[in-house]
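Below is one structure, written out as structure tokens, with a few remarks after it.
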Amino acid sequence: MRIGELSARAGVSVRALRYYEEQGLLTSRRSASGQRHYTEDAVERVSFLQRMYTAGLSSRTIIELLPCVDAPSAETSDAALERMAEERDRLTDHIAELIRTRDALDGLMATNRAYRETLRAV
């Protein structure tokens, strides 16, 4: 199938498909005129990539996980699980930092509200 059909069937933009190819996440064959042609499996592959992006993974991390998908084995599965655990830890740290930032903003807002009350009392 051509890129437009894959785009429609997978529910992603043509631009996203080109990006996936640039990153080495998706492959196509080229016709003599240079048009991309994909196999039927590409629809499932794009769906998988979308799930990985939705989980907050970068292209670089997804590439590290692909051996588990492309050549499943106990070794690649263990490596993928370890890499996903690292990403989960990274996200947990980021969430904690965001909570601290939000709490600091809450403190500033409380200070502002208290100051506004002093202005009203005058």
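Quick rundown of the values:
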read-out	value
Per-residue Cβ neighbour rank within 10 angstrom, fewest leading, S28, S33	S33, S28
For segment 29-49 versus segment 89-113, the gap between their alpha-carbon centres in whole angstrom	43
Sorted by Cβ neighbour density within 10 Å, fewest at the top, the residues V122, V46, V69	V122, V69, V46
Label assignment, Cα Rg over 2.2 N^0.38 Å derived from the structure, set [x] 1.15; [y] 1.01; [z] 1.68	[z]
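Read the figures in this text as sums done on the coordinates, not as results from a lab. Quick caveat: nothing in here was measured; it's all calculated off a predicted structure. Cβ atoms come from the backbone with ideal geometry, glycine included; neighbour counts cover every protein chain shown.
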